[in-house]
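Each reported figure results from applying straightforward, stated rules to the coordinates on display, with no laboratory input. In this text the structure is predicted, and so the values were computed from the model without any measurement. Note that each Cβ is placed from the backbone with ideal geometry, even for glycine, and that neighbours are counted across all protein chains shown.
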Amino acid sequence: MERIGWIGTGVMGASMCGHLVAAGHRATVFTRTPSKADELVARGATRVDSPRAVAESSDVVFVMVGFPADVREVVMGERGALAGASPGTLLVDMTTSDPALAREIEREANARGVGSLDAPVSGGDVGAREARLSIMVGGRAGDFARARPLFERMGRTIVHQGPAGAGQQAKLVNQVLVASGMIGICEALLFATRAGLDPETVLASVSGGAAGSWALSNLGPRILRRDFAPGFFVEHFVKDLGLAVGEARRMGLDLPGLALAERLYGELAALGHGRSGTQALVLALAKLSGIDPP
């Protein structure tokens, strides 16, 4: 079996790596906060002190960190994965990152005889725990075919989108959809509450109709419980929306809904909710109207 390396064992990465460990893969892990890998180590993974050391012991190296700057550091830094990767190693970045960076990493990797895929995911913490993520993959077809059995341990919808960077672009499409949808959910619940309706009763009516969505069914009830625990951090969503705005600008697109979502989530982060879940957007919208959230 392929020897697995994993860099970044946060909210989603620990679960994703755990599925590969459960399948019998030998795993070597690195995370900046060592305690976040304790459970994986207890299950047999080996913890090392650098991304380079991960790659030295692995056939396939997965990266799941926060921001493009983190990806650059753990992949191309002095102690990064590429510094320790042997020819024939496959590098898979599952962070939502910059499409241009994905293409740069592929060029650097291929020059060393290393394969490279960008494979961001959608599904949040629940999807990661339950191994039902959607995985959007950019890179060479042969590298995708090699990684697919590993992806199948982590997700249910696995699609090769095209060359390097295409996976990241597909994920930004996902984030554009999520952002506008979350604005609608939060505004609708504020409207229902202000109108004197029971928002839980309203949800029972609208969730099964044309307005229904995964986010409405799963995050709407969290909003009503004032449960803003992260399935996905606001600060990471702000990063994603900034990437999407930048890509739209590069392509000559004017997307006012996306621009609004970027502004509102930026305001939410400024209120101190960068480490809350994306459903906390209702707090920023309630503040605009000077009312309490539902």
Handout entry: Chain lengthening between E2 and A111 when straightened (0.36 nm per residue, less Cα-Cα)
Key = 37.0 nm
Exercise for the section: Show which lysines lie in cross-link reach of K171 when reach means a straight Cα distance below 27 angstrom and same-chain residues fewer than eight apart are skipped. Expected result: K36, K239
Practice task
Specify the angular offset, from 0 to 90 degrees and rounded to the nearest 10, of the alpha carbon long axis of helix 214-224 from the longest principal axis of the alpha carbons in the chain.
Solution key: 60
Completion exercise
Tilt, helix 99-111 to longest principal axis of the chain (alpha-carbon atoms), in degrees rounded to tens, equals 10
Problem - Square roots of 5 times each gyration tensor eigenvalue, C-alpha, the stretch 171-223, largest first, Å - result: 21, 12, 8
Exercise for the section: Convert each backbone phi in the stretch 286-293 into a coupling constant with the Karplus relation 6.51 cos²θ - 1.76 cosθ + 1.60 (shift: θ = phi - 60°), then list the ³J(HN,Hα) values in order as whole Hz, x for Gly and Pro. Expected result: 4, 5, 4, 8, x, 10, 7, x
Problem - Qualifying GluC sites (Glu not before Pro) in the stretch 134-200, DSSP loop, other Cβ atoms within 10 Å at most 14 - result: E152
Practice task
State log₁₀ I(q)/I(0) for the stretch 63-221 at q = 0.12 Å⁻¹ as given by the Debye formula over alpha-carbon point scatterers of equal weight, solvent excluded.
Solution key: -0.60
Handout entry: Along each principal axis, Cα extent of the chain, largest first, Å
Key = 63, 46, 33
Exercise for the section: Let me have the 222 nm mean residue ellipticity of the chain computed from DSSP H runs of 4+ only, each contributing -39500 (n - 2.57), with the sum over all residues rounded to the nearest 500. Expected result: -15500 deg cm²/dmol
Completion exercise
Residue span A100 to S180: 0.36 nm per residue of separation minus Cα-Cα distance leaves a gain in nm of 26.4 nm
Practice task
Give the share of C-alpha pairs in each 10 angstrom bin for the stretch 170-289, from 0 to the last occupied bin, in whole percents, shortest bins first.
Solution key: 13, 45, 32, 9, 1
Handout entry: Principal axis dimensions, largest first and in whole angstrom, of the stretch 122-175 by Cα
Key = 29, 26, 11
Practice task
Find the Rg to Rh ratio for the stretch 10-80, where Rh is the Kirkwood radius over alpha-carbon pairs and Rg uses the same atoms.
Solution key: 0.93
